[in-house]
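A.B. asks: So that we are looking at the same thing, I have put the structure below in structure tokens.
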Amino acid sequence: MPMENSCVFCEIARGEIPAKKLYEDDDVIAIEDVAPQAPVHALIMPKAHVAGLNQLDALSDATLAKLIRVAGKLAQERGVKERGYRIVSNCGQDACQSVPHLHIHLLGGRAMGADLA
Ligand code: AMP
């Protein structure tokens, strides 16, 4: 599976740096965000290095779908399924993507504003 030595999320996927893992299978890993912006803030990502939403051709449809399914599963496990939650994936400079490895933020546990940005 394609990975990058200097990518922090690849290092987490390889178990080289610690993270609080919430889910893992052969293709996908989910972790707690190290700087949570809501009571529930998880990151769901493919293990393979895909830089972001502009590189989805490098990801199988099955893995892409699994990212969303895992987000929903974690929303249920973390108790925000009924009250609601938000999933976000930042892409590029204007969106302030800070880690160039595709990931979906799962945010919940508090009321969020109606404005998305
Ligand atoms: P983004 O700015 O959308 O690329 O999101 C990157 C997210 O990764 C931020 O919310 C960071 O807090 C989070 N993050 C960065 N490094 C780590 C790490 N080592 N473990 C967990 N979360 C991290």
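A.B. asks: Starting from the range 1-17, keep only residues that are surrounded by 11 or more Cβ atoms within 10 Å (Cβ to Cβ), then list their pairs with residues that are at pLDDT below 95 whose Cβ atoms are within a distance under 6 Å, requiring at least 6 positions of separation or different chains.
C.D. replies: Cys10/Met3; Cys10/Glu4
A.B. asks: Which condition from (1) open to solvent by 80 Å² or more (accessible area, probe 1.4 Å); (2) touching a helix residue (DSSP H, G or I) at 6+ places or on another chain (Cβ under 9 Å); (3) not in a loop (DSSP other than H, G, I, E, B) is the one that Ile68 breaks?
C.D. replies: Of everything listed in (1) open to solvent by 80 Å² or more (accessible area, probe 1.4 Å); (2) touching a helix residue (DSSP H, G or I) at 6+ places or on another chain (Cβ under 9 Å); (3) not in a loop (DSSP other than H, G, I, E, B), Ile68 misses just condition (2).
A.B. asks: Then there is this: Based on what the data block shows, is Ala48 away from the ligand (no atom under 16 Å from the Cβ) and surrounded by fewer than 16 Cβ atoms within 10 Å (Cβ to Cβ)?
C.D. replies: No; evaluated as a whole, the condition is false for this residue.
A.B. asks: Identify, please: which residue in the range 76-105 is among the β-branched types (Val, Ile, Thr) and assigned to a strand (DSSP E or B) and is, among those, farthest from the ligand (Cβ to nearest atom)?
C.D. replies: The qualifying residue farthest from the ligand (Cβ to nearest atom) is Ile87.
A.B. asks: Out of the residues in the range 20-45 meeting the condition of being open to solvent by 40 Å² or more (accessible area, probe 1.4 Å) and in contact with a helix residue (DSSP H, G or I) (Cβ under 9 Å, 6 or more places away or on another chain), tell me which one is farthest from Arg86 (Cα to Cα).
C.D. replies: Asp27
A.B. asks: If you check every pair at least six apart or on different chains, which have Cβ atoms under 8 Å apart with a residue in the range 87-105 that is among the β-branched types (Val, Ile, Thr) first and a residue that is assigned to a loop (DSSP other than H, G, I, E, B) and open to solvent by 30 Å² or more (accessible area, probe 1.4 Å) second?
C.D. replies: Ile104/Ser89
A.B. asks: Then there's this: Yes or no: the range 42-58 includes at least one residue that is more than 23 Å from Gln93 (Cα to Cα), part of a loop (DSSP other than H, G, I, E, B), out of contact with any Lys or Arg (no Cβ under 7 Å at 6 or more places or on another chain) and among the charged types (D, E, K, R).
C.D. replies: no
The values are calculated or read from the model by the stated rules, or taken from the named source; none is laboratory data. On a predicted model such as this, the values are computed, not experimentally measured, just so you know. FYI the Cβ positions are ideal-geometry reconstructions off the backbone, even for glycines, and counts take in every protein chain you see. Accessible surface areas use protein heavy atoms only, side chains included; no ligands, DNA or RNA. Shrake-Rupley method; radii C 1.70, N 1.55, O 1.52, S 1.80 Å.
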